[in-house]
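Take a look at the structure set out below.
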Amino acid sequence: MPHPVPTPLAESLRLEALRPYQLYNTMQDETFAELVRLAAKLFNVPVGIIAFVEEEEVRFGLNYGLDPTLDRVNRWQTLCSVAMLHEETSVFENLREQPCDLINPALVQQLNLGFYAGSALRTPQGYSIGVLCVLDQKARTFSAAEAGLLEQLAAVVMSLLDLRLHLLQQPTWNQQLWASIYARIEASVTRLETLTALASWEDTVDTEAAQSYRLSAHDEILRIIAVLTEQIRALHSLHS
């Protein structure tokens, strides 16, 4: 029988911090759509999600590869409610053999999940409002380096959420710079898709070429994280 997921000590303050970001549950923004696609392609999984953890529900409004009917689910059935509590990436490499005993397993079973990794989205004040996560029906390993990359990408997502929220409150803002962020992400997704396809054509994952493609993918994500961080600073300086 599952044990209840602990509620954060400052839950009321966390929910208050979440409120300004809840508009992202319904707004359509290609930049965030590309970000979750980038996360999925980076780790070669079919699903990527920016999830917002509300009082009783988790919203999956910003996602790639998820059934559109699953835009919201019961909070206590989601691994996101566990991942948001941790400073480091939460990883479940084989949910069939080692299920999480903190949640009701109904959703994991419905999605037939074998793998989950999620990094908390923390506001500048330190409140965890959600999770950037990647999912797969297949069990798989997830290295410490990959966990670190997901954490870095989650930090970029949070910075962009903050920036977009700030820009929406401005009478005018530089649409061209925001569009350039989207273009950078889109280009990286395309490159990651190419590298993944090239690696899949190798006879085994251990060939020199396959390893080279994986290294190139790793370098690509580090590059895009650096570029996005710099562009976020540029936009902040223009609108501060």
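The table below lists the values:
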item	result
Candidates GLU220, GLU16, GLU151, ranked by Gaussian network fluctuation over the chain, Cα under 10 Å, top entry	GLU16
GNM top mover of GLY65, GLY126, GLY114 - the chain, alpha-carbon springs below 10 Å	GLY126
Long-range HN-HN contacts of LEU62 with modeled amide H, under 5 Å	ILE50
For the chain, share of DSSP beta bridges that run antiparallel, in % to the nearest 5	100 percent
Cα→Cβ-extended label distance, 7 Å offset, between THR196 and GLN125, nm	3.7 nm
Derived scalar couplings ³J(HN,Hα) [region 157-165; Karplus, 6.51 cos²θ - 1.76 cosθ + 1.60; whole Hz; x for Gly, Pro]	4, 5, 4, 5, 4, 5, 5, 4, 4
GNM flexibility winner over the chain from THR190, THR229, THR69 (Cα, springs under 10 Å)	THR69
Around SER119: net Lys/Arg minus Asp/Glu count, Cβ-Cβ under 15 Å	-3
Positive-pole candidate from GLN110, ASN44, ALA234, dipole of region 11-239, charges at beta carbon	ALA234
Estimated FRET transfer efficiency (THR69, ALA139; beta-carbon r; R0 35 Å; 0.05)	0.90
Whole-Hz couplings from phi, Karplus 6.51/-1.76/1.60, listed for region 183-193; x for Gly and Pro	4, 4, 5, 4, 5, 5, 4, 4, 5, 5, 4
Magnitude of the charge dipole, the chain, Cβ model with Lys/Arg +1 and Asp/Glu -1, debye to 20	440 debye
Net charge of neighbours whose Cβ lies under 15 Å from the Cβ of PHE92, counting Lys and Arg as +1 and Asp and Glu as -1	-3
Net charge of neighbours whose Cβ lies under 13 Å from the Cβ of ASP71, counting Lys and Arg as +1 and Asp and Glu as -1	-1
Value of relative contact order over the chain, rounded to a whole percent, pairs C-alpha under 8 Å and six or more apart	19 percent
Filtered GluC sites (Glu not before Pro), region 67-102: DSSP coil and at most 13 other beta carbons within 10 Å	GLU87, GLU88, GLU97
Cut-off under 5 Å, modelled amide H: who pairs with LEU121 long-range	ILE129, GLY130, VAL131, LEU132
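Every number in this text was worked out from the coordinates using simple rules, so none of it is lab data. This one's a predicted model, so the numbers in the text were calculated from it and none came from an experiment. Using ideal geometry, Cβ is built from the backbone for each residue, glycine included, and neighbour counts are taken over all protein chains shown.
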